[in-house]
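Below is one structure, written out as structure tokens, with a few remarks after it.
The values are calculated or read from the model by the stated rules, or taken from the named source; none is laboratory data. Everything quoted here is computed from the prediction, not taken from an experiment. Methodologically, a virtual Cβ is constructed for each residue, glycine included, from the backbone with ideal geometry; neighbour enumeration extends over all protein chains shown. Side chains are part of the model used for accessible areas, which takes the heavy atoms of the whole protein and leaves out ligands, DNA and RNA. Shrake-Rupley method; radii C 1.70, N 1.55, O 1.52, S 1.80 Å.
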Amino acid sequence: MPVFRKRQMRIERKTPEQIEKMRRAGAVVANTLELLREAAKPGVTTADLDSIAERSIRAAGAIPSFKGYHGFPASICASVNDVVVHGIPDETPLRDGDIISIDCGAILDGWHGDSAVTVPIGTVRPEVLELSRVCEQSMWAGIEAAVAGGRLTDISHAVEKSIRANPLPGGAKYGIVEDYGGHGIGTEMHQDPHVLNYGPGGRGPRLEVGVCLAIEPMVTLGKPDTYTLPDEWTVKTTAGGHAAHWEHSIAITENGPVVLTRP
Ligand code: MG
Ligand code: MG
């Protein structure tokens, strides 16, 4: 889940032992997302995916962190097509040509993992597949910039630069969602700092060994402005363009960034 908030920052540094615990929580999330990626097909509902996720997380001895988070009713966010983030799983079947962003979080032994993937359903228009690719690539660029000695917004700038390296036909640009961003993660899903997905580098607090972050760009076809449905969760693009969302939780170590949400 992405988050947006403003207040004074308090950035935790985790010990190697704590990072190992976060890696275990992250593996639960990654294994669950693998199951969901395989299950997401035409005719399958997002409620079906939610059931698979909850079973997978609980079978690993973990707790779905989204369920009950500020009242969120499910274990995953299922965001289809023009839904950017925070989509609530329901009985609507996925259709050929859809894309779905699946965001998943788990708590194991008190430590959180948080990760999201965008999955094509059946045969998807090339420009929509490309949107997802550009978004994923920008997440990896952000992760690579998460190195000790750098500054927080080096990550933000790397994400934006990666997206901007992919111009659209006719001089159009991908939308970079500004209303939501990444975050610190640890014994809570959302900790300081907020991680913007755009802007100049070289600003904000210095990145240090032990800092753990969720890096999660959201990219749109068309303008990136969003609005929230009356359900108070579902975030859509105002212009109706498709959106992609990719996320990993990472730790900054002496040997560079380490992805925590991997199988
Ligand atoms: Mg997430
Ligand atoms: Mg998140």
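Laid out as a table, the results:
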{"read-out": "Single unsatisfied condition, THR123 versus (1) touching a helix residue (DSSP H, G or I) at 6+ places or on another chain (Cβ under 7 Å); (2) not in a helix (DSSP H, G or I)", "value": "(1)"}
{"read-out": "Number of the exception - ASP114 against (1) touching a helix residue (DSSP H, G or I) at 6+ places or on another chain (Cβ under 9 Å); (2) away from ligand 2 (no atom under 16 Å from the Cβ); (3) within 26 Å of LEU260 (Cβ to Cβ); (4) charged (D, E, K, R)", "value": "(2)"}
{"read-out": "Residues of segment 233-247 satisfying the condition of being open to solvent by less than 30 Å² (accessible area, probe 1.4 Å) and either within 16 Å of ligand 1 (Cβ to nearest atom) or modelled with pLDDT under 95 (or both)", "value": "THR234, VAL235, ALA243, ALA244, HIS245, TRP246, GLU247"}
{"read-out": "Some residue of segment 182-189 being polar (S, T, N, Q) and part of a loop (DSSP other than H, G, I, E, B)", "value": "yes"}
{"read-out": "Unmet criterion (only one of (1) aromatic (Phe, Trp, Tyr); (2) surrounded by 18 or more Cβ atoms within 10 Å (Cβ to Cβ); (3) away from ligand 1 (no atom under 16 Å from the Cβ)) for TYR227", "value": "(2)"}
{"read-out": "Segment 55-78, residues that are free of Cβ contacts under 8 Å to residues at least 24 places away in the same chain and either within 23 Å of PRO230 (Cα to Cα) or surrounded by 19 or more Cβ atoms within 10 Å (Cβ to Cβ) (or both)", "value": "LYS67, GLY68, HIS70, GLY71, PRO73"}
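Yes/no per residue for (1) part of a helix (DSSP H, G or I); (2) within 16 Å of ligand 2 (Cβ to nearest atom):
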position	(1), (2)
GLN18	yes, no
ALA27	yes, no
ASN31	yes, no
LYS41	no, no
LYS67	no, yes
